[in-house]
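The structure under discussion appears below in the form of structure tokens.
The values are calculated or read from the model by the stated rules, or taken from the named source; none is laboratory data. This is a predicted model, so every value here is computed, not measured. No Cβ is skipped: glycine too gets one built from the backbone with ideal geometry, and neighbour counts run over all protein chains shown. In case anyone asks, the SASA skips ligands and DNA or RNA and just uses the protein heavy atoms, side chains included. Shrake-Rupley method; radii C 1.70, N 1.55, O 1.52, S 1.80 Å.
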Amino acid sequence: MADGNNDIEQQIRDALDVPCLKPGAMEGLKPFVAAPEHQEKLGFPGELVPDWKEKALAKMKDLAEKNRAFQVYLDACVKCGACTDKCHYFLGTGDPKNMPVARQDLLRSVYRRYFTFAGKYFPWLVGARDLTEEVLEEWYSYYHQCSECRRCSVFCPYGIDTAEITMAAREILDHIGVGQKYSNEIIGKVKSVGNNLGLNPKALRATLEDLEEDIEDDTGISVRIPLDEKGADILLVTPSADFFAEPHIDGLIGYAKVFHETGASWTLSSYASEAANFGLFIGSYENMREIALRIRKAAEDLGVKRIIFGECGHAWRVAYSFLNTLAGPFDFLDQNYPIPQHILEYTWDAIQKGQLKLDKSRNDHLTLTYHDSCNVARASRMGDMPGGQFEIPRNVIKAVCNNFYEMDRDTIRESTLCCGGGGGLLTDDLMDLRIKGASPRMKALQQVTEDHGVTHMAAICAICKTQFSKVMPKYGYDMDSIVSVHQLVSNAIILTGQETEEDEQNEEEAA
Amino acid sequence: MLSVIYALSFYAATLMLVVGVGLKVWKYARTPAPLKIPTTPAPTTTAGVVMRMFREVVFFESLFKSNKWIWLFGWMFHMSLWLVLVRHLRYFIDPVWFWVAFAQPYGTYAGFTMVLGLLGLWARRILVERVRYITNPSDHLILALLVLIGASGLLMRFVYRVDIVSVKLYMLDLLRLRIGELPSDPILQVHLWSALALMVIFPISKLLHVPGVFFSPTRNQVDNPREKRHLAPWAAQLEK
Ligand code: HEM
Ligand code: SF4
Ligand code: SF4
């Protein structure tokens, strides 16, 4: 087997080619451990507690009683092997412990040992093992090599969702004092400042004002990006990356232009200036709830009638699937609109009503494909019909672009491949894993570049966008080859009163 | 003597199967699913969920999407198993219901496809590196047990015929809590004892996938979180 060979010929093989097993390939890879202060902010012990074994087992039992998915999935797996080649981290690394069922088994083996008849009396028969420090190390390593993307769940005959097991494992680890720095530090920031970046209201306001100026310089039209405006109709909650990172920021400009053209009264909130909810990643209902409640409070304080979410994958999962559960009921909002609504639902609606003046040719310098983000694709919906989460973004892209091609059908829609950076893995200490985990997606992209000359890939997730802008250069693309869907909308929109190049030409001719 | 031991074991095994699976089902049913986690696209109505579950259970829809070989062998094994089970009903009822009688000829051949399917699955377990890696001894043993049941059954049907009328009388008696006389042919004994073993391990092994599949939240939840608030009892406590 050729590996470690960067030959392009080698790389443009089938995106889903199954590697030979390379046991131990990713062994020992560990993200930084959270410092005591970060742990304690979240209500977890600061460091490994002395009676960690009892605590871990007690937490496992607790989860089995509180979460049916965890209980049923630990029991039901028949080891059929259908999921073994479905994880992008396995495809990218060949490490057998990155096969979804093997990842589950790291925890299932312990569950069996302490909580099942077979495992108590015949451990060798059913692969049960004691909970030891080595097992703990292994959990920490491999449960931070899962992006909780749920691709495996689609293909399992019982829908066993490894993400649920990963979240449970991280929850157990947090409860004995072993948290992951990246996720837990960020959750702490949201709780104290309101967003993942720790951007305070003053800095946020300044950033937004700069952006307004940029838009005006660009278009000659004054487009507002309001912050904390009481009495606005719509609260927009968007990932904080939209305020400063590329290409996210171009997406934010796109939302602002759409709101401007539809005459909407809208606002951002500095208190809930974050759509992301990393409580999901660490499987902590309590932390997820606390973050979600900030959005409710912002909506109440500002007196809005609607809540709309910007482009972010897991945030949309938490919003669409969980917000009503965590922070509902939202009877104080206008019930004539979906609660919450996705910005793409809003924009597609506006396009259908003919509220936007669009010039597709303004995106002619791009040849696009679309990357379905895993949490949007497999854990949420848009619109009224199942699968709207696939159609609506594509409808919008096709309404604003002329050149669009799909990637291999086994790598899109519900079978989409994770970007490699989701689920709390978007940190530099896991860069090696992120690059390898992105390889199946990158191969599928290289294929459409070969076949159709695709130059850019659009996405609607802040994590996907950051991840791709970092790893695409490793696969022969520029870092700006990843674009926001609303960036494309922004390019194509002609604002009311905006002078286009044609207008200018006409004027010149007239003069 | 053997007739009595088997009879008592039969009652014990039946009890373990029913109580064991009953307890598990009770536990699954009582454990809340705190969040809406259907794998989307998912049906937006209960009727849709029933259809989704039907397709999973009858056609193994997800498995079909996933891996054609596992699907082929697995589906062949399971569908044959159902036919064989239906066929076996005639040993426990008298007079035989018409649909059981109808299934008789198919049930016979299903014995072959069942064993074939099992051998196919077993071959994958041994030959495919990835599946071998995730296999525990118990996975081989369950396959061995099922092959043993199937093969001994086929042997009785086609090679070493047994006095099936006495077997049926014995079974009918068992159901009326009477102990009759069981023929002692070795193959019959192997067949009947291994069937008891299967009943006993059912509630303590991966055979729990049978009740499990119906309780899987990713497959049995309706996709309507925006329309209808979903709240687990323990989560409601947090709101107090
Ligand atoms: C609701 C009914 C059932 C459903 C939906 C179901 C579904 C499945 C599926 C999808 C698989 C994975 C594919 C495969 O390996 O065949 C499987 C495996 C298996 N099933 Fe079932 N099953 C059912 C009932 C049963 C029953 C009654 C038995 C036996 C007593 C059984 C025994 C097995 C065994 C032993 C395997 C593992 C095969 C292997 O080792 O590869 N199943 N089942
Ligand atoms: S597909 Fe499902 S049942 Fe099969 S091995 Fe994977 S997790 Fe287990
Ligand atoms: S959830 Fe995604 S990352 Fe995790 S094991 Fe499944 S396929 Fe792999």
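Can you list the cysteines of chain A that have no other Cys Cβ under 4.7 Å away?
Result for chain A is A:C20, A:C77, A:C80, A:C87, A:C146, A:C156, A:C312, A:C401, no neighbouring Cys Cβ within the cutoff.
Kirkwood Rh, Cα Rg: Rg to Rh for region A:187-492?
0.94
Could you tell me the convex hull volume per residue, in Å³, taken over the Cα atoms of the protein assembly as shown?
Spelled out: Cα convex hull of the protein assembly as shown, divided by residues, is 178 Å³.
Just from the alpha-carbon atoms, what are the Rg and Dmax of region B:16-73 in angstroms?
Final numbers for Rg and Dmax: 15.0, 39 Å.
Would you kindly state how much longer the chain becomes between B:I179 and B:M51 on full extension, computed as 0.36 nm times their sequence separation minus their alpha carbon distance, in nm to one decimal?
41.7 nm
Mean projection of the alpha-carbon convex hull of region A:60-113 over all orientations, in nm²?
Reported value for the Cα convex hull: 3.9 nm².
Per-residue counts of other Cβ atoms within 10 Å, averaged by peptide: what ranking do you get for B:184-196, B:2-14, A:239-251, highest first?
Ranked by mean Cβ neighbours within 10 Å, highest first: A:239-251, B:184-196, B:2-14.
Per q in 0.15, 0.17 1/Å, what log10 I(q)/I(0) does a Debye calculation on the alpha-carbon atoms of region A:9-179 return?
The calculated log intensity ratios at q = 0.15, 0.17 Å⁻¹ are -0.86, -1.08.
Near A:K22, which lysines are there with a Cα under 24 Å away, not counting those fewer than 8 places off in the same chain?
A:K30, A:K79, A:K86, A:K97, A:K436, A:K443, A:K474
I want the antiparallel fraction of DSSP beta bridges within the protein assembly as shown, as a percent rounded to 5.
Restricted to the protein assembly as shown, the bridges split so that about 10 percent are antiparallel.
When the helices in chain A are scored as -39500 (n - 2.57) per DSSP H run of 4 or longer and the sum is shared across all residues, what 222 nm value do you end up with, to the nearest 500 deg cm²/dmol?
Helix-only estimate at 222 nm: -14500 deg cm²/dmol.
Dimensions of region A:17-67 along principal axes (Cα, Å, largest first)?
Principal axes ranked by extent give 42, 30, 21 Å for the Cα atoms.
Measure of size requested: the Rg and Dmax of region A:337-385, with Cα atoms as the atom set and Å as the unit; please supply both.
Here Rg and the maximum Cα pair distance are 13.7, 37 Å.
Using r as the Cβ-Cβ distance of B:E129 and A:S361, and R0 as 35 Å, what FRET efficiency do you calculate, to the nearest 0.05?
0.10
In peptide B:226-234, how many Cβ atoms from other protein chains are near each Cβ within 10 Å, on average?
Mean shielding by partner chains, rounded to a whole number: 5.
When Lys and Arg each count +1 and Asp and Glu each count -1, what net charge do the other residues less than 15 Å away from A:Q352, Cβ to Cβ, add up to?
Overall, the nearby charge balance is -1.
When the gyration tensor of region A:104-204 is built from Cα positions, what are the square roots of 5 times its three eigenvalues, in whole Å, from largest to smallest?
34, 17, 9
Rolling a 1.4 Å sphere over the protein heavy atoms, what is the accessible area per residue of region B:131-240, to the nearest Å²?
Ligands and nucleic acids excluded, the figure is 48 Å² per residue.
I'd like the distance separating the alpha-carbon centroids of region A:88-116 and region B:84-163, in whole Å.
If you average the Cα positions of each part, the centres end up 30 Å apart.
Quick check on my link table: of A:K191/B:K228; A:K53/B:K206; A:K191/A:K230; A:K66/B:K27, which ones sit more than 19 Å apart, alpha carbon to alpha carbon?
Flagged as over cut-off: A:K191/B:K228; A:K53/B:K206; A:K191/A:K230.
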